[in-house]
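Comments concern the structure below.
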């Protein structure tokens with residue numbers, strides 16, 4: 001891909017990356033940002049900086065590797081500012097095909113071979129459909145029938161990571177980052193979306209999130225209707241009925257067990 005030559009898709013991509021560059025504050029980061037985004041779009045299974053450097057600058061791979069490594073590992077910018085800019089550029093295009101209809105909570109996994117990437121752990125990897133060494137990020141996306149857009153995105157930090165001071169220090173994990181379950185992260189994202197005034201949609205989640213009663217209760221309190229997957233052992237109560245103080249129901253309000 002040569003972003004300096006013609007072509008409608010290349011021009012749109014260049015404008016998009018330029019928009020992101022406008023909020024990362026330092027002009028010297030614009031080129032590494034452009035190269036990094038280009039590397040993500042190019043073919044190739046590995047999206048680490050070394051193979052990306054070889055694909056984006058084959059004549060000066062070593063220098064490009066150092067540039068991308070510094071950009072990813074040392075350059076600082078506000079994630080919130082970048083995501084806000086993405087919403088500003090992308091949401092109007094999505095909403096041309098209709099209003100936002102859904103808020104989708106999900107997570108994305110990234111298989112890893114090593115153990116040094118922040119948050120990497122042996123856990124369920126949706127990309128592989130099994131337990132594996134991977135990173136996991138929780139996201140909230142807004143969607144209509146035409147497209148979806150992640151508006152909140154946070155890396156899940158397993159509890160083993162939060163308790164390992166040496167590992168945290170080496171990886172640069174801030175001290176204020178504490179352990180939170182994926183549903184806790186999801187509820188924070190839902191609360192943020194409500195406070196930000198984003199166009200409302202029905203919450204959609206699979207059973208990994210739908211089984212969490214605190215998440216469901218929190219969404220109800222925020223006025224966000226939802227459709228979620230649940231596991232067979234979830235107890236369901238009839239509308240306007242409540243269990244007694246000891247958690248039991250009377251005969252008239254006995255909960256139905258999902259088959």
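Each value in this text was obtained by applying a stated rule to the coordinates, not by laboratory testing. Please read all numbers here as calculations on a predicted model, not as lab measurements. In this analysis, Cβ positions are derived from the backbone assuming ideal geometry, glycine residues included, and neighbour counts consider all displayed protein chains.
I'm a student and want to see the number: the projected area of the Cα convex hull of segment 1-91, averaged over all directions, in nm².
Average of the hull's projected areas for segment 1-91 equals 6.2 nm².
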DSSP-defined beta bridges in the chain - what % are antiparallel, rounded to 5: 80
Listed peptides 140-148, 38-46 by packing density, highest first (mean Cβ within 10 Å): 140-148, 38-46
Sorted peptide list for 90-100, 48-58, criterion being average Cβ within 10 angstrom, highest first: 48-58, 90-100
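Percent of Cα-Cα pairs more than 31 Å apart in the chain, please.
Details: 12698 of 33411 pairs.
Value for the chain: 38 percent of Cα pairs lie more than 31 Å apart.
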Segment 166-225: Rg to Rh, with Rh as the Kirkwood radius over Cα pairs: 1.10
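222 nm [θ] for the chain, helices only, -39500 (n - 2.57) per DSSP H run of 4+, per residue, to 500?
So the helix-based figure for the chain works out to -12000 deg cm²/dmol.
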The chain: most fluctuating residue of 34, 154, 60 per GNM, C-alpha cutoff 10 Å: 60
Percent RCO, i.e. relative contact order, over segment 1-160, from Cα pairs under 8 Å lying at least 6 residues apart: 16
Of 164, 81, 107, the one that fluctuates the most in a GNM where the chain has Cα springs shorter than 10 Å: 164
Three principal axis lengths of segment 138-238 [C-alpha, angstrom, descending]: 48, 34, 24
Length released on extending from residue 160 to residue 192, taking residue separation times 0.36 nm less the Cα-Cα span: 8.8 nm
Segment 1-77, relative contact order [Cα under 8 Å, separation at least 6], %: 25
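In what sequence do 139, 9 fall when counting other Cβ within 10 Å, fewest first?
9, 139
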